[in-house]
Amino acid sequence: MPGASPQIAEHSRTVRRLIADYLQLWHAPAPSGGRRATLGREIHDALAYLDQHALAAGASKAAVEDLLGPAPGGIGADVWFYPSDMSSQTYEVAFEHGHLIRKGFITVRFN
Amino acid sequence: MFTGEDDFIKALKDTSPDARALIDALFNDPDFLKLWNYLKSCPAINVALSVDNTIKDSHGDELFGLTPPGKLIVNTHKREHHDNPSELLDTLIHEVIHALWDAKQACADLPWPLPDDVYDWPDDPGAVNRLDEPEKDDPDSPDKRHAQTQYGDSPSSTKRYIDVNFPGQRLICGLIEAALKATAGGAPRYRLKGRPTLTHENLRRHRKLAARHWSKNWKDIRSITWEPDGCWHRTSTPRGWIMECTCDSAQMIVKYDDGTVQIDLLGKGDNATFDGGSVTFDRLFGWDQA
């Protein structure tokens with residue numbers, strides 16, 4: 001993240017670490033619901049900060065990945081999903097022609 | 001309204017010849033069309049229909065299907081959809097239920113097509129926190145007990161509960177069973193185009209199947225065919241026999257003296273027992289075959 005403010009860089013490091021910890025707990029065999037819920041709230045807060053202060057329409061995929069880390073989920077190559085604090089909510093980043101066109105927390109229903 | 005309806009239905013049909021037959025049967029079922037046409041005819045919404053082969057949730061788990069706001073997506077490359085074409089119908093109907101609830105407020109002028117007891121979690125009045133269905137390793141709570149007693153297990157993750165309730169799952173299974181019946185092959189094997197789904201298994205596991213226990217009078221039976229043969233284990237008893245289903249599901253085809261035929265599907269571990277007077281069994285579902 002060349003040129004990012006110290007606060008943005010710190011939130012970026014935080015959200016990438018939190019998401020890695022969250023996914024490790026999700027895929028672990030042992031129950032981890034309480035700890036994961038706490039991490040989900042912290043991820044939500046960090047994503048909300050970056051959404052407001054660092055992500056803007058037109059950003060490239062590389063810049064978004066540099067900021068938030070690799071997306072754990074999504075639809076095809078152009079819609080990325082990051083975890084949040086509630087099971088039906090996800091943070092979505094959508095691209096068109098390689099540039100960000102939509103971002104925000106959305107409610108998803110899935111199977 | 002829909003965007004991409006023709007391409008979407010074609011992509012579902014192109015999954016396999018058996019899927020084509022089942023999708024055709026589903027789109028000729030008036031009970032399914034009532035749901036589909038609610039979405040299609042509502043001018044206040046626009047649902048973009050699509051298939052995709054890389055749908056993962058925010059935990060990285062591959063999904064069967066997904067309904068974000070204004071979209072309905074089916075993962076046609078999901079292995080289960082190819083192993084069992086019935087699963088494709090299951091996913092489609094499941095996502096249609098989500099899309100209906102997503103559309104309900106905007107389409108309030110139209111008569112609501114779902115039975116009164118069919119909910120998804122985000123719209124279930126029995127859920128305290130509708131945005132946050134509990135996960136299986138969460139601490140005990142009223143919502144967790146509600147998910148355990150009214151929903152059961154998710155097919156896409158061992159850590160989750162499914163998000164359409166048991167009455168909704170019975171609706172899904174009923175539509176699949178109607179499509180299987182409509183597309184069954186001819187005598188003597190009555191080959192089906194698909195099998196029971198993970199939703200049938202969820203209903204069975206949670207004792208929510210309708211009319212599970214059945215009995216047939218031996219005197220009226222001309223013959224019983226067990227299909228496929230390798231899915232049955234026979235044990236002799238002092239008064240008859242026990243046939244145990246050893247596959248995920250298998251067919252018991254009963255022909256009667258009056259010429260009628262009944263097809264019953266049993267699940268893994270289910271038994272059919274002949275005691276000298278009648279055949280009793282637990283089934284997933286079944287029907288009278290014309």
Next item on the list: Filter the stretch B:73-92 down to residues that are under 21 Å from B:Thr3 (Cβ atoms), of a type outside the set (Ser, Thr, Tyr) and touching a residue at least 40 places away in the same chain (Cβ under 8 Å), then give me how many there are.
Entry: 3
Notebook entry, point to check: Got a number for residues in the stretch B:25-48 being within 23 Å of B:Arg170 (Cβ to Cβ) and not aromatic (Phe, Trp, Tyr)?
Noted result: 11
Next item on the list: Would you mind stating whether B:Gln169 is in contact with a Leu (Cβ under 9 Å, 6 or more places away or on another chain), part of a helix (DSSP H, G or I), among the polar types (S, T, N, Q) and modelled with pLDDT of 95 or more?
Entry: yes
Next item on the list: May I ask you to list the residues in the stretch B:111-128 that are over 21 Å from B:Asp61 (Cβ atoms) and either of a type in the set (A, V, I, L, M, F, W, C) or at the interface with chain A (Cβ under 10 Å from one of its Cβ atoms) (or both)?
Entry: B:Trp112, B:Leu114, B:Val118, B:Asp123, B:Ala127, B:Val128
Note to self: I'm trying to understand the selection: among the residues of the stretch B:42-86, which are hydroxyl-bearing (Ser, Thr, Tyr), over 20 Å from B:Asp163 (Cβ atoms) and within 10 Å of chain A (Cβ to nearest Cβ)?
What the structure shows: B:Ser50, B:Thr54
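Being of a type in the set (S, T, N, Q) and in a helix (DSSP H, G or I) is the filter; apply it to the stretch A:1-31 and report the residue that is nearest to A:Ala62 (Cα to Cα). Before you say what the answer is, go through the steps one by one.
Of all residues in the stretch A:1-31, those of a type in the set (S, T, N, Q) come to A:5, A:7, A:12, A:14, A:24.
Filter once more, so that each one left must be in a helix (DSSP H, G or I): A:7, A:12, A:14, A:24.
Numbers: A:Gln7: 20, A:Ser12: 14, A:Thr14: 18, A:Gln24: 24 Å.
Per the criteria, the residue is A:Ser12.
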Item checked: Which listed residue is out of contact with any Asp or Glu (no Cβ under 8 Å at 6 or more places or on another chain) and modelled with pLDDT of 95 or more, from B:Phe274, B:Phe281 -> B:Phe274
Next item on the list: With the condition kept exactly as written, say whether any residue in the stretch A:16-24 is among the acidic types (Asp, Glu), within 14 Å of chain B (Cβ to nearest Cβ) and under 29 Å from B:Leu100 (Cα atoms).
Entry: no
Notebook entry, point to check: Across the stretch B:252-290, which residue is surrounded by the most Cβ atoms within 10 Å (Cβ to Cβ) among those that are among the charged types (D, E, K, R) and in a loop (DSSP other than H, G, I, E, B)?
Noted result: B:Arg283
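When the residues of the stretch B:138-151 are filtered to those that are in a loop (DSSP other than H, G, I, E, B) and surrounded by 20 or more Cβ atoms within 10 Å (Cβ to Cβ), which remaining residue is nearest to the other protein chains (Cβ to nearest Cβ)?
Per the stated criteria, the residue is B:Asp138.
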Note to self: Looking only at the stretch B:212-241, how many residues end up being under 15 Å from B:Arg189 (Cα atoms) and aliphatic (A, V, I, L, M)?
What the structure shows: 1
Item checked: Extreme residue, nearest to B:Trp121 (Cα to Cα), among residues of the stretch B:153-211 that are in contact (Cβ under 8 Å) with a residue 60 or more places away in the chain, crowded, with 23+ Cβ neighbours inside 10 Å and among the β-branched types (Val, Ile, Thr) -> B:Val164
Next item on the list: Could you check B:Cys245 against (1) out of contact with any Leu (no Cβ under 6 Å at 6 or more places or on another chain); (2) within 22 Å of B:Glu201 (Cα to Cα); (3) at pLDDT 95 or above and say which number it fails?
Entry: (1)
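Within the stretch B:181-192, is even one residue in a strand (DSSP E or B) and of a type in the set (Phe, Trp, Tyr)?
no
The values are calculated or read from the model by the stated rules, or taken from the named source; none is laboratory data. The model shown is predicted, which means the values in this text are computed figures rather than measured ones. Note that each Cβ is placed from the backbone with ideal geometry, even for glycine, and that neighbours are counted across all protein chains shown.
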